[in-house]
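Peer 1: Provided herewith is a single structure, encoded as C-alpha cells, for subsequent inquiry.
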Amino acid sequence: MKYIFCIFVKNDNPSKCEEFKEKRAQTIFDRYGTYHYSTSREYRLLKEKLNEWIPLEQKTEFEIYSKNVWNETKKYKKELFSNWNHKCYYTNVKLDKNQHYNNETYPTIDHKICVFYGFNNNIDYKEIGDISNLCICSRWANRKKQIMDEDKFVKYLNENNFFNKK
C-alpha cells in the first residue's frame, strides 16, 4: 500500500521513491550478495562472456588494485562535491564544472596519496579511496601532480611560483 501512496501522492515515478529504492536494493542483495547488480560476480561473468570485459585472471595486480580504489572513491563522489568550495585544492583557483572536461580548470577528483604509491607500498585500497585521501583539483593540477604525494606537489608548486593555499 505504501508504494501506491508513493506513486500517487509523493511522486509519479515509483523508482524515485525511497521505499522502492530500499526494497530494490534489498532484493538485489538477497539474490547476489551486493546492493548493486553491476558489482555482482554474475554480472562480471556475463560481461566476460559477451567479450565486453577482460577476465580478472588476465588483469595485472595493479589494474585490479586501481579498479578497487576507484570503486571505493566513487562511494564518496557525491559527498566530496557537496562539500566542495568550487576551488582547486592545490592552487585555490576557481573551477567550473560547466567547462569541457578537457579544460584546464575542469574539476577532477585527486588522491592525495596516489594510487600508484598505494599499490607499491601495499596500502589497503580502501585507505587510498577513502574520502580523507580525496580532494577536488583542476585537471591541470591533477595532471602535473602525477605520482607525487600532496607534500611533494605543494613543494613543487611553491618552487615554481604557482599560487598555492598551503
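The values are calculated or read from the model by the stated rules, or taken from the named source; none is laboratory data. Computed from a predicted structure; not experimentally measured. Because the Cβ atoms are built from the backbone with ideal geometry, glycine has one as well, and the counts that use them run over all protein chains shown.
Peer 1: Mind checking which pairs have a first residue in the stretch 61-89 that is closer than 22 Å to residue 140 by Cα and a second that is surrounded by 15 or more Cβ atoms within 10 Å (Cβ to Cβ) and among the polar types (S, T, N, Q), Cβ under 7 Å, 6 or more apart or different chains?
Peer 2: Listed pairs, sorted by first residue: 88/138.
For every residue, the table says whether it meets (1) within 17 Å of the chain's Cα centre (by Cα); (2) surrounded by 13 or more Cβ atoms within 10 Å (Cβ to Cβ); (3) not assigned by TED's automatic domain parsing to the domain that holds residue 160.
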{"position": "42", "(1), (2), (3)": "no, no, yes"}
{"position": "47", "(1), (2), (3)": "no, yes, yes"}
{"position": "67", "(1), (2), (3)": "yes, yes, no"}
{"position": "72", "(1), (2), (3)": "yes, yes, no"}
{"position": "94", "(1), (2), (3)": "no, no, no"}
{"position": "97", "(1), (2), (3)": "yes, no, no"}
{"position": "100", "(1), (2), (3)": "no, no, no"}
{"position": "106", "(1), (2), (3)": "yes, yes, no"}
{"position": "132", "(1), (2), (3)": "yes, no, no"}
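Peer 1: Tell me, yes or no, whether the stretch 109-120 has at least one residue that is over 18 Å from the mean Cα position of the chain (by Cα) and under 27 Å from residue 160 (Cβ atoms).
Peer 2: For the stretch 109-120, residues over 18 Å from the mean Cα position of the chain (by Cα) and under 27 Å from residue 160 (Cβ atoms): present.
Peer 1: Six or more apart or on different chains, Cβ atoms under 7 Å: show the pairs whose first residue is in the stretch 15-31 and touching a residue at least 12 places away in the same chain (Cβ under 8 Å) and assigned to a loop (DSSP other than H, G, I, E, B) and whose second is surrounded by 12 or more Cβ atoms within 10 Å (Cβ to Cβ) and not hydroxyl-bearing (Ser, Thr, Tyr).
Peer 2: Final answer for the pair search is 17/6; 17/10; 17/11.
Listed here are the residues, each with its yes/no results for (1) in contact with a Cys (Cβ under 9 Å, 6 or more places away or on another chain); (2) more than 16 Å from residue 66 (Cβ to Cβ); (3) in a loop (DSSP other than H, G, I, E, B).
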position	(1), (2), (3)
89	yes, yes, yes
98	no, yes, yes
123	no, no, yes
127	no, no, no
132	no, yes, no
153	no, yes, no
157	no, yes, no
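Peer 1: Then there is this: Got a number for residues in the stretch 74-87 being buried (at least 16 other Cβ atoms within 10 Å of the Cβ) and either outside the structural domain of residue 141 (by TED's automatic domain parsing) or assigned to a loop (DSSP other than H, G, I, E, B) (or both)?
Peer 2: So the answer is 1.
Peer 1: Quick check on this structure: which one of 95, 50, 56, 46 is in contact (Cβ under 8 Å) with a residue 12 or more places away in the chain, farther than 30 Å from residue 157 by Cα and of a type in the set (A, V, I, L, M)? So that I can check it myself, show each step before the final result.
Peer 2: Working: 95 fails: farther than 30 Å from residue 157 by Cα; 50 fails: in contact (Cβ under 8 Å) with a residue 12 or more places away in the chain; 46 fails: in contact (Cβ under 8 Å) with a residue 12 or more places away in the chain.
Result: 56 is the single residue among 95, 50, 56, 46 that is in contact (Cβ under 8 Å) with a residue 12 or more places away in the chain, farther than 30 Å from residue 157 by Cα and of a type in the set (A, V, I, L, M).
Peer 1: Separate question: Condition (residue is under 24 Å from residue 81 (Cα atoms), touching an Asp or Glu at 6+ places or on another chain (Cβ under 8 Å) and among the basic types (Lys, Arg)) applied to the stretch 148-166: is it met by at least one residue?
Peer 2: No; the residues of the stretch 148-166 include none that is under 24 Å from residue 81 (Cα atoms), touching an Asp or Glu at 6+ places or on another chain (Cβ under 8 Å) and among the basic types (Lys, Arg).
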